Amino acid sequence: MSGMTGITVPALDWDAEDLPTAFRCFRNYVNHVFNGPLAEQNGEAKASYLMLWLGPVGI
């Protein structure tokens, strides 16, 4: 994740009281990361990042 140096890794709190709001915040942050530090990555690489960030619960 060399493009992520100094950037907080996106994480979804699956135990959040308000999961829809937590997901919206997660999605918003992921969009910023994909349009910023990881903009040069292809779709397959971005999908891999997303699966890692969602963790076993989200896959």
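The values are calculated or read from the model by the stated rules, or taken from the named source; none is laboratory data. Predicted model only: the values in this text are computed from it and were never measured. With ideal geometry, Cβ positions are generated from the backbone for all residues, glycine too; neighbour counts draw on all protein chains shown.
The set of residues from region 1-15 being touching a residue at least 24 places away in the same chain (Cβ under 8 Å) and either in contact with a Gly (Cβ under 6 Å, 6 or more places away or on another chain) or not in a loop (DSSP other than H, G, I, E, B) (or both) comprises G3, M4. The lone criterion from (1) free of Cβ contacts under 8 Å to residues at least 40 places away in the same chain; (2) assigned to a helix (DSSP H, G or I); (3) exposed (fewer than 15 other Cβ atoms within 10 Å of the Cβ); (4) of a type in the set (A, V, I, L, M, F, W, C) left unmet by F34 is number (3).
Which residues, taken from region 37-57, are in contact with a helix residue (DSSP H, G or I) (Cβ under 9 Å, 6 or more places away or on another chain), loosely packed, with under 13 Cβ neighbours inside 10 Å and either in contact (Cβ under 8 Å) with a residue 24 or more places away in the chain or of a type in the set (D, E, K, R) (or both)? If you could, list the steps in order and put the result at the bottom.
Taking region 37-57 and keeping what is in contact with a helix residue (DSSP H, G or I) (Cβ under 9 Å, 6 or more places away or on another chain), we get 37-41, 46, 49-51, 53-54.
Narrowing further to those that are loosely packed, with under 13 Cβ neighbours inside 10 Å: 39-40, 51.
Within region 37-57, E40 is the sole residue that qualifies.
Which residues, taken from region 37-47, are outside any loop (DSSP other than H, G, I, E, B) and over 10 Å from the mean Cα position of the chain (by Cα)?
G43, E44, A45
In region 16-28, is there at least one residue being surrounded by 13 or more Cβ atoms within 10 Å (Cβ to Cβ), among the aliphatic types (A, V, I, L, M), in contact (Cβ under 8 Å) with a residue 12 or more places away in the chain and assigned to a loop (DSSP other than H, G, I, E, B)? There is no residue in region 16-28 that is surrounded by 13 or more Cβ atoms within 10 Å (Cβ to Cβ), among the aliphatic types (A, V, I, L, M), in contact (Cβ under 8 Å) with a residue 12 or more places away in the chain and assigned to a loop (DSSP other than H, G, I, E, B).
As for region 7-20, it holds no residue that is modelled with pLDDT under 95 and on the phi > 0 side of the Ramachandran plot.
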